[in-house]
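First comes the structure, then the notes that go with it.
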Protein chains: 2
Amino acid sequence: MSPTSSGRPPDDSALDPSPGTIREMGMEAVEWVAAYHGSIRDRPVAPRTSAAALKDLLAEPLPVQGRDFSHLLDVFRDVIVPGSRHNGHPRFFGYVSAPGTAVASVADFLASALNANLPAWRSAPAPTELEHVAIDWIKEALGCVPTAGGLFMSGGSMANFAALAAARHRHCGDVVASHGVSAHPRPLRIYASQEAHHSIHKAAALLGIGRGNVREVALDARFRMDVNDLVRKIEEDRAAGADPFCVVASAGTVGTGAVDPLTEIAATAKRYGLWMHVDACYGGFARLAPSARPLFDGLSEADSIALDPHKWLYLPADCGCLIYRDPEAARAAFALGADYTRVMQTEPAEAFTFWDYGPDLSRRFRALKVWMVLAHAGSQAVGEAIESNLDCARYLAELVDASDDFELLSPVELSIFCFRYLPPAARTGPGSGADAQELDRVNQRILVSLQESGSSYLSNATINGRFALRGCVLNYRTTRKDMEILLDDVRRAAEQVPGATD
Amino acid sequence: MSPTSSGRPPDDSALDPSPGTIREMGMEAVEWVAAYHGSIRDRPVAPRTSAAALKDLLAEPLPVQGRDFSHLLDVFRDVIVPGSRHNGHPRFFGYVSAPGTAVASVADFLASALNANLPAWRSAPAPTELEHVAIDWIKEALGCVPTAGGLFMSGGSMANFAALAAARHRHCGDVVASHGVSAHPRPLRIYASQEAHHSIHKAAALLGIGRGNVREVALDARFRMDVNDLVRKIEEDRAAGADPFCVVASAGTVGTGAVDPLTEIAATAKRYGLWMHVDACYGGFARLAPSARPLFDGLSEADSIALDPHKWLYLPADCGCLIYRDPEAARAAFALGADYTRVMQTEPAEAFTFWDYGPDLSRRFRALKVWMVLAHAGSQAVGEAIESNLDCARYLAELVDASDDFELLSPVELSIFCFRYLPPAARTGPGSGADAQELDRVNQRILVSLQESGSSYLSNATINGRFALRGCVLNYRTTRKDMEILLDDVRRAAEQVPGATD
């Protein structure tokens, strides 16, 4: 018996299977993963099912006795997979959703088997260093200053939340952390455009600042923040005794893909002493594509940047990321002290704790999949895939412009496109007598019919008060041909809607 | 060309590999996972390394060109794994840390390959229904009312945070969500024992309530909340014009494993109209072990329960969970409205959205691993493993009691044990002339030496002001024999500390 062993041979139970059993389970899973990736183009994008039907197949009391893995894999293959939307399908254009990448799912497998937990360096030395490397790569992709720092978290909502928490702490100091927002003498104000992501309002509510203290800044013609209106609102609020402390710029709005004028917003933030946060969850990584790069000038001046590697780095959910320009400014917002968080290491890099920079204590080894995708593909191939996504969206806009049965409702800034179908009576141009509400109604029905078709999937947006069919290209599998098929699919869906085609 | 296909054959690039390439990568990963599980007992628990050495091996600029998967797997095997702490080692007793389970890592692989994203039913019908099933199983394990509901999130810190957000919303209504904490007329107060997890204080700071508004309730002799002191503090605060709204009970403190008297706390909460939240992240699942079950009487009366399936359900990080007794009371705290969160389904189960019950929008398919571990092992085997963990901790306490060179510093309530080593001069009982600070110093050095040994790993706690060696048994691999080896390892570590053994 070796002195470092408990002397018990590996077991072969469900909780502690032998290497041979693990190999069998793993092989079965690999076969499914390989086959799934090979067949994803030919699956219906979204399932036609119901909650009741699925409940019938899945609901049961907690089983007392265990079951074979093969049986569970059958349920996964036969019920879960056909009952899922396939976000990796080349014509899934809904929301802002990545396909995932095979190598990242392998990385998640390895991360879960190693089961590293990353609250701090001492708990996971090499995984922590790898997270630093992955964050450095992201900083490089975004053009951040070398002294910036950051960490991964569950997603963009939490990254936006944590950024606002850090911004508040720098502004208010420890009095608010100790005694609450009521101890701050004046109402705090956050500024974000009317198209900012709703997680900003949710974060303001949760932080005890209040949704009503998020001032919605007007838009310019391209749905970007109007900086003159930003200045006007800051001045108004100051004059009224409120306390502006943070401006949130969007680098890729979820509605139309607009990138706010970052350089001007940075100058305004500097002038008024505001924390500048950039919600770049959707758009940030498009800086790797040459044609989009100029849009991100000014990004490196932000105090914080929220990103979703599980969007345009093509990673599976979940992987959000927050970059701080000055990590020390953020530290105090999250720091805590307790025995189980007492760090005995004295070398600064070894005393490093992630929990000082974000809301979580236990943290999954998300860095492994970020590192693996970037190292396996290389930044050039990722940039080319993003460039191709941008090209697909621009091509769709060209097809729409050249058609008489569609019209664009907003400019294509990144890879999001908003358009609508025009029934024959509406095709003669403005003032054609087409009823606006009728157009909304027709397009809403087309969307439902399209989603049921299984061939293409769009979501929706409201553009200048009108219902838009909205898509986002965020998949290395999507080609120009898919954009042509999409428009054909929308036409076919229109044929299902009474009054849409005649 | 099939009408549902883009007509392009599967690619074989790093982002979009062919099924054959995926099979090769997957097989290599499976081989590592199987070998890792087979060798985990014989690895040093914790690495002896430095940040500088790891940085040398890992840091480099963002690579422009990609690299073979085999090369990346080599870095994982040769640098990351040896530079990691092995939380699945049978003598890793630090903090509250699960080993992970092979079938759960396979589930994470499948979840990442399918890349389901679970903001709402419409985005992932079958995965959403499976999350409901897994939550129902957890409710059954805890004895919750059938009308309770819940969801998975990143971990216990977020579950505690979300519970306090829901508690505040029920108490304050939408005025705080809209206008911030300052709009509430009186200072809000939360009650938690002195041994409550620090994430409660962190949540209070982030929520804008303030750490200082968490009142620390005194302990009884078993380190449980003193309910008389709770009542006293509530009365005091009310008399002083403050506004008590929430009491947080611990079901398994991280320091000593104490379970607060839940039934009495529930009665007190009811009497004063407080939301009762139970932080059961560590202990909750011990209700599956017959010998611990009575400790959890009263749990089902809680308004919310925070749990960590990535603790005593032996899952890999991350998987936190929050159960609400009345989900509708929680809903309004998180609800938001935007186009991309507009739900068109009309059947209630199909209009269901997770984002109304927690902080996240995108959500990983965590339910798959919970469901797979419970369905594969069955509740009986999980309960037996937990029972065995409890037995190991009690056995350690017996060994300590029977020795003359160790003493227990707190009672063993669940699977946590706190003790210290006694140098010869301190072994003659109380008043032996042993200097308390000297004992702290010696045990602190023993801990460092033990952690460096690679054979066993403890963390630390402060018990009645004194430094304790602290361990937590949370691993189906741990046996009574490991507890004996642990004490031998501590003795060997003491021999390395000047003055400890003579």
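Residue by residue through A:317-329, how many Cβ atoms from other chains fall within 10 Å of the Cβ on average?
Details: counts 14, 11, 2, 4, 0, 0, 0, 0, 0, 0, 0, 0, 0.
The per-residue average across the peptide is 2.
Taking a virtual spin label 7 Å from the Cα of A:Ala267 along the C-beta vector, which residues in segment A:225-260 bring their backbone nitrogen under 20 Å of it?
Those under the cut-off are A:225-236, A:246-251, A:259-260.
Hey, can you rank B:54-62, B:380-388 by average C-beta count inside 10 Å, highest first? Don't skip to the end; give the middle numbers.
On the way: B:54-62: 14.7, B:380-388: 20.3.
Top to bottom by mean Cβ count within 10 Å: B:380-388, B:54-62.
Taking each residue of B:75-85 in turn, how many C-beta atoms of other protein chains fall within 10 Å of its C-beta, and what is the average? Spell out each step's value before the answer.
Details: counts 5, 9, 1, 0, 3, 14, 6, 2, 8, 12, 10.
Mean number of neighbouring Cβ atoms from other chains: 6.
Work out the FRET efficiency for B:Gln380 and A:Asp174 from their Cβ-Cβ distance, taking R0 = 60 Å, and round it to the nearest 0.05.
Numbers: r = 50 Å, r/R0 = 0.83.
Approximately 0.75, to the nearest 0.05.
Relative contact order of chain A: what whole-number percent is it, with Cα pairs under 8 angstrom and at least 6 residues apart? List each step's numbers first, then the result.
Numbers: 898 pairs, mean separation 98.5, N = 502.
The value is 20 percent.
For the pair B:Lys481 and B:Ala35, how long in nm is the line joining their label points, each one 7 Å along Cα→Cβ?
Reported label-point gap for B:Lys481 and B:Ala35 is 2.5 nm.
Over segment A:108-377, what relative contact order in percent results from Cα pairs under 8 Å that are six or more residues apart?
Numbers: 518 pairs, mean separation 79.9, N = 270.
About 30 percent, as a whole number.
Counting only protein heavy atoms and a 1.4 Å probe, tell me what percentage of segment A:380-495's accessible area is made up of carbon and sulfur. It would help to have the intermediate numbers written out before the result.
Numbers: 1880 of 4120 Å².
Within segment A:380-495, the accessible surface is 46 percent carbon and sulfur.
Give the calculated FRET efficiency between B:Ala53 and B:Ala425 to the nearest 0.05, with a Förster radius of 35 Å applied to their Cβ-Cβ distance.
Calculated value: 0.35.
If you roll a 1.4 Å probe over the heavy atoms of the protein chains, what accessible area per residue do you get for the protein assembly as shown, in Å²?
I get 31 Å² per residue for this part.
Between chains A and B, what is the buried accessible area in Å², counting both sides, with a 1.4 Å probe and ligands, DNA and RNA left out, to the nearest 100? Mind showing how you got there, number by number?
On the way: alone 23140 and 23130 Å², together 31030 Å².
Protein heavy atoms only, the A-B interface buries about 15200 Å².
Give me the extension gain from A:Ala329 to A:Asp440: residue separation times 0.36 nm, minus the current Cα-Cα distance, reported in nm with one decimal. Don't skip to the end; give the middle numbers.
On the way: separation 111, 0.36 × 111 = 39.96 nm, distance 4.72 nm.
In short, 35.2 nm is gained.
Can you flag which of A:Lys270/B:Lys202; A:Lys139/B:Lys139; B:Lys270/B:Lys369; A:Lys270/A:Lys311; B:Lys139/B:Lys202; A:Lys55/B:Lys270 are past 32 Å Cα-Cα? Could the numbers behind the result be given before it?
Working: A:Lys270/B:Lys202 30 Å; A:Lys139/B:Lys139 43 Å; B:Lys270/B:Lys369 36 Å; A:Lys270/A:Lys311 30 Å; B:Lys139/B:Lys202 27 Å; A:Lys55/B:Lys270 35 Å.
Listed pairs above 32 Å: A:Lys139/B:Lys139; B:Lys270/B:Lys369; A:Lys55/B:Lys270.
Determine, from the Cβ-Cβ distance of B:Glu216 and A:Ala351 and an R0 of 25 Å, the FRET efficiency 1/(1 + (r/R0)^6), rounded to the nearest 0.05.
So the FRET efficiency works out to roughly 0.40.
Would you compute, from DSSP H runs of 4+ residues alone, the mean residue ellipticity of chain B at 222 nm, taking -39500 (n - 2.57) per run and dividing by the full residue count, rounded to the nearest 500? Let's see the in-between values first.
Values: 15 runs with 202 residues, N = 502.
Using -39500 (n - 2.57) per qualifying helix, the result is -13000 deg cm²/dmol.
Provide a whole-number value for the mean count of partner chain Cβ atoms within 10 Å of the Cβ atoms in peptide A:52-63.
Working: counts 4, 3, 11, 4, 1, 3, 7, 5, 4, 5, 14, 8.
The per-residue average across the peptide is 6.
Any chance you could run the full-extension gain for B:Ala402 through B:Arg293? It's 0.36 nm times the residue separation minus the Cα-Cα distance, nm to one decimal. Could the numbers behind the result be given before it?
Values: separation 109, 0.36 × 109 = 39.24 nm, distance 2.75 nm.
Answer, rounded to one decimal: 36.5 nm.
State, as an integer percentage, the relative contact order of segment B:146-278 based on alpha-carbon contacts under 8 Å between residues 6 or more apart.
On the way: 189 pairs, mean separation 32.6, N = 133.
Relative contact order here is 25 percent.
By the gyration tensor of its Cα atoms, with a ≥ b ≥ c the square roots of the eigenvalues, what is the shape of segment A:253-331: rounded for a/c under 1.5, prolate for a/b over b/c, or oblate?
Numbers: a/c = 2.12, a/b = 1.28, b/c = 1.65.
The shape class here is oblate.
How large is ³J(HN,Hα) for each residue in segment A:138-144, as worked out from phi by the Karplus curve 6.51 cos²θ - 1.76 cosθ + 1.60 (θ = phi - 60°), to whole Hz, x for Gly and Pro?
Karplus values, whole Hz, x for Gly and Pro: 5, 4, 5, 4, 8, x, 6.
Ranked highest first by average number of other Cβ atoms within 10 Å, how do B:169-177, A:465-473 line up? Can you show the working numbers first?
Details: B:169-177: 18.4, A:465-473: 22.9.
Put in order of decreasing packing, that is A:465-473, B:169-177.
In segment B:108-377, if the dipole is taken from +1 on Lys/Arg beta carbons and -1 on Asp/Glu beta carbons about the Cα centre, which of B:Leu110, B:Ser250, B:Ala141 is farthest to the positive end?
Going by the Cα projections, it comes out as B:Ser250.
The values are calculated or read from the model by the stated rules, or taken from the named source; none is laboratory data. In this text, all values refer to a predicted model and were calculated from it rather than measured experimentally. Note that each Cβ is placed from the backbone with ideal geometry, even for glycine, and that neighbours are counted across all protein chains shown. Remember, those area values only see protein heavy atoms, side chains included, never the ligands or the DNA or RNA. Shrake-Rupley method; radii C 1.70, N 1.55, O 1.52, S 1.80 Å.
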